[in-house]
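Reading through the structure tokens given below for one structure.
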């Protein structure tokens, strides 16, 4: 029985991680101005962490769902997969939260690519329909770059 649990924690078997740099998001102070009742920019990204993750720049749904008579829809979302055994409480890496930013792919290598992607969804997944072994983080690649969106 103990051997089966150890084998389950080593999933996925074909794990080929790349280093992904993610910056944490902190909000300070009120988010609404009490006088003028307008949103305030009170966000900062102070800490960055390098996670071992698998990167997928496609979506999980099938390609045929994106095909229309007018042409294919632009794919603006991707996702990364993290293993729970690589995160807290087993290591010092915190679990990413919605709103954090992906700032670099292949961090620490000569192939490092600087990006600015926002995590839109963070949820647990399990290929075994039991103990959550993976964390699925979906991000938005081509979001609006208007003022106040950062």
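Nothing in this text is a laboratory measurement; each read-out follows from the coordinates by a stated rule. Not measured: the values here are computed from a predicted model. Heads up, the Cβs are rebuilt from the backbone with ideal geometry, glycines too, and the neighbour counts pull from every protein chain shown.
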For a Förster distance of 41 Å, can you work out the FRET efficiency between the beta-carbons of residue 131 and residue 37, rounded to the nearest 0.05? 0.35
Calculate, in nm to one decimal, what residue 118 and residue 140 gain on full extension: separation in residues at 0.36 nm each, minus their alpha carbon distance. 7.4 nm
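Please sort 34-45, 19-30, 84-95 by packing, taking for each peptide the average over its residues of neighbouring beta carbons within 10 angstrom, highest first.
Per-residue Cβ counts within 10 Å, averaged per peptide and sorted highest first, yield 19-30, 84-95, 34-45.
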